[in-house]
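Enquirer: This structure is in C-alpha cells; I'll ask about it shortly.
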Amino acid sequence: MTTRHNAKLAEALESCRPVSPAKPNILKMLLAIQSALGHVPVNTLPQIAQTLGVTEAQVAGVLSYYSDLRTQLPGRHLIRVCMGESCMANHGGRVFRAIQDHVQVAVGEATPENRFTVETMSCAGNCAVSPTVMIDEDLRGRVTPSDVPSLLGPYK
Amino acid sequence: MKTTRLYLANDTSSLAAGAGRLAEVWSKRPEIQLIRTSSRGAFFLEPMVERDGPNGREAWFNVAPDDVSRILEGVGGTPVATIPFLRQQTRFTFANFGVTEPLALDEYQKRGGLKGLAAAQNLSPEAIVEELRLSGLRGRGGAAFPVWKKWQVAQQAQSEQKYVVANADEGDAGTYCDRMIMEGDPFRLIEGMMICARAIGATKGYLYCRYEYPAAAKAMQFAIQKAREADLLDCDDDSFDLEVVVGAGSYVCGEETALLESLEGRRGVVMAKPPYPAESGLYDKPTIVSNVLTFATIPNILANGGAWHGSLGTEGSRGTMALQLGGRVKQPGLVEIPFGMTLRQALEQFGGGMAPGARFKAVQVGGPLGSLFPESQLDIPICYDAFAKAGAILGHGGIVVYDDETNMVELARHFMAFTADESCGKCTPCRVGSVRGREILERIQSGLGTEADLVLLSDLGETMKSASLCALGGRAPYPVLTAIEHFPNEFRGRLKV
C-alpha cells in the first residue's frame, strides 16, 4: 500500500462518514472508494465498517450485491460490451466474440500486460445505435466485428 | 468573417453515432459556430447536422466531417418539418428535443418551461392532485398506476418530512427515453418533481440514476445547480433540496422498494407491500417514487390543464407514450404519439420496416420482461388495456424487433439468465425459479431436453407469475413462454428423441 493509496482511502472514508448515526450509507461509501482507488480492496472492509458503524458482513453484502462494484483492479482500459436486447437483435454477440478473439482473455479478467478487461453490461441505453461497446468512458455505436481492431487500437 | 451556426446533438447516442468526431473537427473552423443541442431522437439519421433556413431548420443526415462544405453552402439539406419520422409524431414531452441547448434555462422558459410550476403554485395541493386525476396520467415506468392516487396518499399522510424520488434507473434493455430527458431537457424533470413536491408537501428530492448513464447524471447535476442559482428551487417559503444519487448496476433497483433500499445504501432488495412508499418510504417517510418520463409529462399537464391531457389517447390510456424503437428496424429512434396506434402501424410508419436485408421474426414490447409478438399479432393497439388483455405489458415503451436469424432457444435462455443474474433473492419463486428455468433452457439448448422439460418450464412459469414478490420474477416467464408458444418448432426440434 502506497502513501498515496492510503491518503485517497482516508479521504473517501471521511467523505462518507455518516452525519446521522441512523443513516450510514454503505453503497455511497463503496462507490466513493471505488472512485478513489479504481476498486474496493477487500482488506478495506474493517475500516469501512468501523467508519459507518455497521458490521463487516453488511458491507460485504452490499459489495457483492451490485455488479458495478469491483474488488479487483481492472486493466488500464475497461471494455464493456452491451448484451441488451437491441444489441442482441443487432448481433452484438458477434461483436462480443470478435473482441474476445482479439484480446484473448476471459470475461472479468485483465489481459496479461494489464491493458484490457472485458465485461458485459445489460444495457447502455444506446439501443437505437446498437450494437454498443463502451471503452472506458467512450460509448461506440453501430459496431461491427470487423471494427474491433481499429476500435481497440488507440487504447494503449 | 461570416460565421454559420450549425446545430449538432450532444446526446450520448448521437455521440456514439459519430457526433463527437464532427464536433472535434469542426471546432477548429472559425467560420462555424457550433450549438450543441439535444437529439431529436431520429437516431437512424444521426449524426444529424442542422442549420437555420428560410423556413425553419434544415438538416443533413448521417454526416461525415467532409460533408461540411455542402452544409456551409446550404446544398442538399432537408427541411426538418418535412422529415416523416418526426412530422408524424405528436411531441409534447419531447417538444424541445433537437431544438434547445439542454442546460439553457432561458430557452427552456422561452418555449413554455416553468409554466406548469407557475400554475401549480396558484393551486392548492388538493387542486393539483385533481388536475392529475382529470389528466388520467398513469405511471410510465411500467406499473401504469394512476399517478393521482399515489400522490393523494402521500399528500394525506401526516409527516414532518416527505420525499420525492425520480426513478432514473432505466434498466429495461431497449429503452432510452429517460436518458434522453435527463441529458436533453433536464429542467422539465426538475419542474415535474417540484410540482410533485408542492402537491405532497415534500422539501427534499432525490434522483436515483443508474451507473450506466454518467452523462445523464452529470447533466442533471448541472441543471440542478443552475436551477438553484436561479432561485427556482425556492417554492413559496420552502426550498426544495434536490440531489443526484448514482446506483451501481442492479436491474431490480428500478422496482420502487428496492430503489429506496439502495438509496439508503443497502442491498437493493425488494420489500413486501404494504406499506406502500407513498405511506412509508425513504427512511420510513411518505415518499413518491415515479419514473423520469412520468415527472417530465407533468409540467405540460399543469400548464395546459388535466382535461387537455385527458382528451389525448384512449380510454384508460390517456396522453402520449414515448415508444423507443430498437433492434432490427430500419429507423430506430424515439417516437412520441398518443396511445391507440397499432403495433404494426408504429413499426411500419415510424420504424420504416426492417433493416436492409433483415426479415421480421418477432417483436418484444416492454423490455426484457415483455412478451414476444409474432407477425400475426401485430394489430394490437398500443394501450395499457389491450396489452393487459393479451397478457403483455407496455412497460416503459421499449420495442425491440428481432430478425429471422434470431435463435429463439438462445433468446429464451438469455432472458432467464438475465433474471437469474438480476434477482434480488428475496422471494423463492424468482431466486430459485429463474436459475432452474435457465438450467432447463440450457438443457434444451444442448440437445438433452425432453418433452417433460417443456411441461416443467410452463409449470415453473405459472408459479413464478403468481407467487413472485415483484414484477421481475412475476414477468420473467412471459418472454420465455411466448417464445415457446409462437415458435414451438424451434424448441421441439432441439428435444432428445
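Enquirer: Work out which residues of region B:25-57 lose at minimum 20 square angstrom of accessible surface when the other protein chains are put back, relative to the chain isolated, with a 1.4 angstrom probe, and list them by number.
Expert: Listed by number, the residues meeting the 20 Å² cut-off are B:PHE43.
Enquirer: Let me ask another. Within straight cross-link reach of A:LYS156, meaning Cα distance under 19 Å, which aspartates and glutamates are found once same-chain residues fewer than 8 apart are removed?
Expert: Reachable aspartates and glutamates: A:ASP101, A:GLU109, A:GLU113, A:GLU119, A:ASP136, A:GLU137, A:ASP138, A:ASP147.
Enquirer: Using DSSP, restrict attention to beta bridges with both residues in region A:44-156 and report what percent are antiparallel, rounded to the nearest 5.
Expert: In region A:44-156, DSSP labels about 55 percent of beta bridges as antiparallel.
Enquirer: I need the GluC sites (Glu not before Pro) found in region B:1-84, filtered to DSSP loop residues with at most 13 other beta carbons within 10 Å of theirs.
Expert: When the GluC sites (Glu not before Pro) of region B:1-84 are filtered for loop state and at most 13 Cβ neighbours within 10 Å, B:GLU31 remain.
Enquirer: Now for a different question. Among B:THR12, B:THR203, B:LEU456, whose Cα lies farthest out toward the positive end of the dipole of chain B, if unit charges sit on the beta carbon of Lys, Arg (+1) and Asp, Glu (-1)?
Expert: Working it through, the farthest residue towards the positive pole turns out to be B:LEU456.
Enquirer: Below 13 angstrom from the Cβ of B:GLY136, what's the summed charge of the other residues (Lys, Arg +1; Asp, Glu -1)?
Expert: Taking every Cβ under 13 Å from that of B:GLY136, the sum is +1.
Enquirer: What list of ³J(HN,Hα) couplings, whole Hz, do you get for region B:11-18 from phi and the Karplus terms 6.51, -1.76, 1.60, once you set θ to phi - 60° and write x for glycine and proline?
Expert: 6, 3, 6, 5, 5, 5, 7, x
Enquirer: Based on Cβ point charges of +1 for Lys and Arg and -1 for Asp and Glu, what charge dipole magnitude is obtained for the protein assembly as shown about its Cα centre, in debye rounded to the nearest 20?
Expert: Approximately 460 debye in magnitude.
Enquirer: If you take the beta carbon distance between B:ALA81 and B:GLN158 as r and set R0 to 41 Å, what does 1/(1 + (r/R0)^6) give as a FRET efficiency, to the nearest 0.05?
Expert: That pair, B:ALA81 with B:GLN158, gives E of 0.20.
Enquirer: For every other residue with a beta carbon closer than 10 angstrom to the beta carbon of A:ASP136, add +1 if it is Lys or Arg and -1 if Asp or Glu, then tell me the sum.
Expert: Value of the local net charge: 0.
Enquirer: Which far-off residues, 5 or more places away or on another chain, put their amide H under 5 Å from the one on B:MET354, with H placed in the peptide plane?
Expert: B:LYS330
Enquirer: Moving to a separate point now. Distance in nm between label sites at A:GLN100 and B:ASP52, each 7 Å beyond Cα in the beta-carbon direction?
Expert: 5.4
Enquirer: Ignoring any ligand, DNA or RNA, what whole percent of the accessible area of the protein assembly as shown comes from carbon and sulfur when the probe is 1.4 angstrom?
Expert: 50
Enquirer: Another one. If you put +1 on each Lys and Arg Cβ and -1 on each Asp and Glu Cβ, how big is the dipole of region B:118-264 around its Cα centre, in Debye rounded to 20?
Expert: About 360 debye.
Enquirer: Turning to a different aspect of this structure: For chain B, report the accessible area per residue in Å² (1.4 Å probe, heavy atoms, rounded to an integer).
Expert: With all protein chains present, chain B gives 37 Å² per residue.
Enquirer: May I ask you to derive the relative contact order of chain B, considering only C-alpha pairs under 8 Å and at least 6 residues apart, and to give it as an integer percent?
Expert: Answer for chain B is 14 percent.
Enquirer: How far is helix A:56-65 tilted off the main Cα axis of chain A, in degrees rounded to 10, range 0 to 90?
Expert: Between the helix axis and the principal axis of chain A, the angle is about 20 degrees.
Enquirer: Label points 7 Å out from Cα along the Cβ direction at B:LEU72 and A:THR55: separation in nm?
Expert: 6.9
Enquirer: Using a cut-off of under 19 Å, list every residue of region B:59-81 whose amide N is near the label point 7 Å from the Cα of A:ASP147 along the Cα-to-beta-carbon line.
Expert: Those under the cut-off are B:61-67.
Enquirer: Which one of A:VAL95, A:VAL133, A:VAL62 has the biggest mean-square fluctuation once chain A is modelled by GNM with Cα springs under 10 Å?
Expert: Checking each option, the largest mean-square fluctuation is seen for A:VAL62.
Enquirer: Using the crude model of +1 on Lys and Arg Cβ and -1 on Asp and Glu Cβ, and no other charge, please compute the dipole size for region B:408-492 relative to its Cα centre, in debye to 20.
Expert: 280
Enquirer: Further question: Cross-link partners among lysines for B:LYS149, C-alpha distance below 20 Å, same-chain residues fewer than 8 apart left out?
Expert: In chain and number order, the partners are B:LYS162, B:LYS273, B:LYS285.
Enquirer: Could you work out how much longer the chain between B:ASP421 and B:LYS149 gets when fully extended? Use 0.36 nm per residue separation minus the Cα distance between them, nm to one decimal.
Expert: Full extension from B:ASP421 to B:LYS149 adds 94.6 nm.
Enquirer: Okay, next question. Grab the eigenvalues of the alpha-carbon gyration tensor for region B:408-492, scale each by 5, take roots, and send me the semi-axes largest first in whole angstrom.
Expert: Each semi-axis is the square root of five times an eigenvalue, giving 20, 12, 11 Å.
Enquirer: To make sure I understand the rule: partners must be lysines, Cα under 21 Å from the Cα of B:LYS115, and not fewer than 8 residues away in the same chain. Which ones qualify?
Expert: Filter leaves B:LYS226.
Enquirer: Also: Which loop-located trypsin sites (Lys or Arg not before Pro) does region B:1-106 contain, where loop means any DSSP state but H, G, I, E or B and the Cβ has at most 11 other Cβ atoms within 10 Å?
Expert: Answer in residue order: B:LYS2, B:LYS28.
The values are calculated or read from the model by the stated rules, or taken from the named source; none is laboratory data. Please read these numbers as outputs of a predicted model, since none were measured by experiment. A quick note on method: Cβ atoms are made from the backbone with ideal geometry, for glycine too, and the neighbour counts reach across all protein chains shown. SASA here: full protein model, heavy atoms, side chains in, ligands and nucleic acids out. Shrake-Rupley method; radii C 1.70, N 1.55, O 1.52, S 1.80 Å.
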